[in-house]
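What follows is one structure encoded as structure tokens, with my remarks underneath.
The values are calculated or read from the model by the stated rules, or taken from the named source; none is laboratory data. Predicted model only: the values in this text are computed from it and were never measured. Quick reminder, even Gly has a Cβ in these numbers, built from the backbone with ideal geometry, and neighbours come from all protein chains shown. SASA here: full protein model, heavy atoms, side chains in, ligands and nucleic acids out. Shrake-Rupley method; radii C 1.70, N 1.55, O 1.52, S 1.80 Å.
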Amino acid sequence: MKELRGLTLSETEDIVRAEGEPRFRGKQLFQWISRGVTDFGEMRNLPKTLRQNLAEKYRVDSLRVIRDQQSRSDGTRKFLFALEDGNAVESVFMKYSYGNTVCVSSQAGCRMGCAFCASGIGGLRRNLTAGEMISQILDIERMTGEKVSRTVVMGTGEPFDNYDGLTKFIRVMNDVNGRNMGLRNFTVSTCGLVPEMLRFAGDFPQVNLAVSLHAPTDEQRSRIMPVNRRYPLRELMEAAKEYETITSRRVTFEYALIRGVNDRDWDVEQLIRLLSGTLCHVNLIPLNEVSETGFVTAGRERAKAIQKTLEQKGIPATVRRQLGADIDGACGQLRLENSQKYIE
């Protein structure tokens, strides 16, 4: 059966027209789906015959929850969803003073091969559809009973490696006739796929962009992030400056601090040299440790010290609030832990 979540308004209108109904019924159907309704019987302003026909041919949800972990310290909830083909993806619900955020996965697995990340262990299984990405948000709202106001595409996968699915997801969620989530309430993270960064700047100049930097020199970055061999730092930084020109907005550089790898005083000096004069913000991340990688976190105190040094040099920086450390908080951890368990 075909999944209706993830279809555009125009595609939804085409479906109801094929059932012999007027186009405005498509807008009504689109609105019900955007509200998270999964039962056609509850779509009361649609004719009964249309609801019956849709129920025979279509479904409105393709995910099944197989794990739901809640942090005792901060209320963060991490969900493991099973897909129809037996793959699994993770999503994280986070509470902030300014509203609730969901961290969405864009792929089942990842082929970028970053050495410190659990998401890429086992490689890429497949891209997620726009509907599967939307379902992560709507299902979490239903299970938590709370509204989600912001979305970060920072879960499992490289979003720009699934460009079509990612951009359709954003367009459907942003549609004023449906969910109407503002573009500034989306943040997309990339490990540095330069052509897609520039394409995205033109397609979605209002969406926030975060770049996983994690090392200040080509030698270091290539060692832990294979993507750097294809798009070295010179090209990445040129793309960041072009992004700034196109969008008039700054790039956030994510920097996961790994003890003895990228947290030394020399590393910080190289980072300052790399970023000086760039409109940017640095998000320092005490590494969420994954036993399979062998890397150890530099810790929050070291992160705070580096933050102070960067700010003294005129580079805005924050230390990421650590959420969900007691519930396999790092991307891919829960999926990896359950890799042999989630298929019944």
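Charge tally for E141 (other residues, Cβ to Cβ under 10 Å; Lys, Arg +1; Asp, Glu -1): +1.
Restriction of the trypsin sites (Lys or Arg not before Pro) in the stretch 1-75 to DSSP coil positions whose beta-carbon has at most 14 other beta-carbons within 10 angstrom yields R23, R35, R44, R72.
With each label modelled as a point 7 angstrom along the Cα→C-beta vector, the Y98-E146 pair spans 1.7 nm.
Computed from the Cβ-Cβ distance with R0 of 45 Å, the FRET efficiency linking L198 to W266 stands at 0.90.
Residue separation of D68 and R126 scaled by 0.36 nm, minus their Cα-Cα distance, works out to 18.6 nm of gained length. Taken as Cα centroids, the stretch 95-137 and the stretch 176-191 sit 15 Å apart, rounded to the nearest whole angstrom. The structure shown yields volume of the Cα convex hull per residue in Å³, and of the options [x] 179; [y] 134; [z] 125 that calculated value carries the label [y].
Remark: the stretch 84-158 carries a charge dipole of roughly 180 debye about the Cα centre, counting +1 on each Lys and Arg Cβ and -1 on each Asp and Glu Cβ. Computed with every protein chain present, the accessible area of I246 is close to 80 Å² [probe 1.4 Å].
From most to least packed by mean Cβ count within 10 Å, the peptides 280-289, 6-15 give 280-289, 6-15.
Among beta bridges from DSSP that stay inside the stretch 1-122, the antiparallel ones total about 90%. The charge dipole of the stretch 2-67, taken about its Cα centre with unit charges on the Cβ of Lys, Arg, Asp and Glu (plus for the first two, minus for the last two), comes to roughly 180 debye. Sorting 207-215, 151-159, 95-103, 164-172 by their mean Cβ neighbour count within 10 Å, with the most densely packed peptide first, gives 151-159, 207-215, 164-172, 95-103. Of the GluC sites (Glu not before Pro) found in the stretch 15-88, those in coil by DSSP whose Cβ has at most 12 other Cβ atoms within 10 Å are E84. In the chain, helices alone account for a calculated mean residue ellipticity at 222 nm of -10500 deg cm²/dmol, with every DSSP H run of four or more residues adding -39,500 (n - 2.57).
With both residues required to sit in the chain, DSSP beta bridges show an antiparallel share near 45%.
In this structure, the amide hydrogen of N100, modeled 1.01 Å from its nitrogen in the peptide plane, lies closer than 5 angstrom to those of S149, R150, counting only residues at least 5 positions away or on a different chain. Considering only DSSP beta bridges where both residues belong to the stretch 184-298, give the percentage that are antiparallel (nearest 5). Among the beta bridges of the stretch 184-298, antiparallel pairing accounts for roughly 5 percent. Spatially close Lys pairs in the chain, defined by Cα atoms under 24 Å apart and a spacing of eight or more places or different chains, total 18. Highest mobility in the GNM of the chain, judged by mean-square fluctuation with C-alpha springs under 10 Å and restricted to Q220, Q69, Q52, is found for Q52. Taking each residue as 0.36 nm, the span from R229 to T278 lengthens on full extension beyond its C-alpha to C-alpha distance by 15.4 nm.
In sequence order, the stretch 298-311 has phi-based couplings of 7, x, 6, 5, 5, 4, 5, 5, 5, 4, 4, 5, 4, 5 Hz under the Karplus curve 6.51 cos²θ - 1.76 cosθ + 1.60, θ = phi - 60°, and Gly or Pro positions carry x. Applying 1/(1 + (r/R0)^6) with R0 = 51 Å to the Cβ-Cβ distance of R249 and E56 gives a FRET efficiency near 0.65. Taking a ≥ b ≥ c as the square roots of the eigenvalues of the Cα gyration tensor, the stretch 194-279 is prolate, since a/c reaches 1.5 or more and a/b is larger than b/c.
Calculated FRET efficiency, D14 to R321, Cβ-Cβ distance, R0 = 30 Å: about 0.10 to the nearest 0.05.
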